[in-house]
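Visitor: Next up is a structure, given as structure tokens.
The values are calculated or read from the model by the stated rules, or taken from the named source; none is laboratory data. The structure displayed is predicted, hence computed values, not measured ones. Every residue, glycine among them, receives a Cβ derived from its backbone with ideal geometry; neighbour counts consider all protein chains shown. Accessible surface areas use protein heavy atoms only, side chains included; no ligands, DNA or RNA. Shrake-Rupley method; radii C 1.70, N 1.55, O 1.52, S 1.80 Å.
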Amino acid sequence: MNRLMSWVSFKRPWAGWGAMAMALFISACSSGPKPPKPASLPAVVGGLSIQPVWSVQMGAVDEHLRLSAAKGMVAMGSAKGQLRVVDAQTGALRWQAQTRAIAAGVGFDGQRLALINDINQLEVWVDGKRVWMQPLTARGFTPPLVVGERVFALTADRQLHAFDGLTGRTLWSQVGSGEPLVLQAPGLLAAWGNTLLVGWGERLVGVDPLTGRAQWDVALTMARGTNEIERLRDAVAGVHAAPGVVCARSFNTAVTCGDPVTRQRLWSANRDGIQGVSGNDQGVWATDGSSRVTGWGLRDGKELWTQDALLHRQVTAPVVLGKSLAVGDLDGWVHWLSLDKGAVMARMPTDGSRVLAAPILVGNTVVALTQRGGVYAWRPQ
């Protein structure tokens, strides 16, 4: 299957807060050429020792589910609604529970776990008990964000909702602009200091979490094309923010870094791809639609290196950790690449199924989620 255009949603013209989103399935499975053959596993040059530390099995997950970590714990959920919070150092169970099928999730702040279920309800759990639930205006594909005693949900009608974390009371709702089609995949919703980073269409917007007002926005790219599909340029999950610069990817178009103060793009690299970015104070890294891994200078956009040894292996977005970065692939391998040149320094197996989304970093522990619901943790030595 062509993974670039598996699902999109159509946002109807709407006249009020109760508008809903219709789903449109566009698949490339039934026609077209066979996907390219994945590259063989590249040689490992060494230089980094990785120690497996724990693993747990959750049951099958889907494209909209993500791991979330806070306060030394990792939260997870399966497609069928199994919830679990474990200790990030040991994998020891903190609590578990069962809910409805999960459409998007999970978000976690170390206390509250949030998800969107299959009937468009936002659920919040604490210590294995559901403490409140709120209906949403449309489907959700983006994991809720839990931060600052609040819970934020981004829905497919391009509305951003804020709820009181303790009671579930609605605090405010804001609607963003964008094309009629909405990417049916996790969108950009993250916290950066006292600002919410939100992807509304092809624009990266800084939102005041107290009021919902937009404070600044940067155009990641221009929405061009002769139809709605060609103009789909939504910002995708996975953003890198540093003092004076914020970087993100627009769907299948470009990696862009902008200045939130001047509201200007600093640079933009045209590169297809459907996953977000990761970085440090020197550079930003991303993978493209052919599984090349590329790094750019954070402030000037100068290309640092491109690694094509994992070509067509459906690699995830990267996570940067110290002097290396980690990506997962379609066969369940997690590869550690050197940050200076992209050489493969180490490789670890999981359960043989595709690694979903970028691995996450919790302290000094790297954690990855597979399509079969395996959660695996390693620690560089």
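Visitor: If we scan the range 138-156, do we find a residue that is open to solvent by less than 50 Å² (accessible area, probe 1.4 Å), in contact with a His (Cβ under 6 Å, 6 or more places away or on another chain) and not in a strand (DSSP E or B)?
Guide: Yes, the range 138-156 contains at least one residue that is open to solvent by less than 50 Å² (accessible area, probe 1.4 Å), in contact with a His (Cβ under 6 Å, 6 or more places away or on another chain) and not in a strand (DSSP E or B).
Visitor: In the range 276-295, which residues are part of a loop (DSSP other than H, G, I, E, B) and either under 15 Å from THR256 (Cβ atoms) or open to solvent by less than 30 Å² (accessible area, probe 1.4 Å) (or both)?
Guide: Those that are part of a loop (DSSP other than H, G, I, E, B) and either under 15 Å from THR256 (Cβ atoms) or open to solvent by less than 30 Å² (accessible area, probe 1.4 Å) (or both): GLY276, VAL277, ASP288, SER290, SER291.
Visitor: How many residues are open to solvent by less than 10 Å² (accessible area, probe 1.4 Å) and over 17 Å from HIS64 (Cα atoms) when one looks only at the range 314-323?
Guide: Here the count works out to 1.
Visitor: Something else now. Looking at this structure, is PHE163 within 13 Å of ALA114 (Cα to Cα), touching a Ser or Thr at 6+ places or on another chain (Cβ under 8 Å) and either outside any loop (DSSP other than H, G, I, E, B) or among the basic types (Lys, Arg) (or both)?
Guide: So PHE163 passes the test.
Visitor: If I filter the range 175-191 for residues that are over 25 Å from LEU65 (Cβ atoms), modelled with pLDDT under 90 and among the β-branched types (Val, Ile, Thr), do I get at least one hit?
Guide: no
Visitor: Of a type outside the set (D, E, K, R), closer than 26 Å to GLY110 by Cβ and surrounded by 22 or more Cβ atoms within 10 Å (Cβ to Cβ), is that true of LEU356?
Guide: Considered against the rule, which asks whether it is of a type outside the set (D, E, K, R), closer than 26 Å to GLY110 by Cβ and surrounded by 22 or more Cβ atoms within 10 Å (Cβ to Cβ), LEU356 comes out as no.
Visitor: Among the residues of the range 247-275, which ones are among the hydroxyl-bearing types (Ser, Thr, Tyr) and open to solvent by 10 Å² or more (accessible area, probe 1.4 Å)?
Guide: THR253, THR262, SER268
Visitor: Go through the residues of the range 128-144 one by one and say whether even a single one is of a type in the set (D, E, K, R), in contact with a Phe, Trp or Tyr (Cβ under 9 Å, 6 or more places away or on another chain) and under 26 Å from GLN184 (Cβ atoms).
Guide: no
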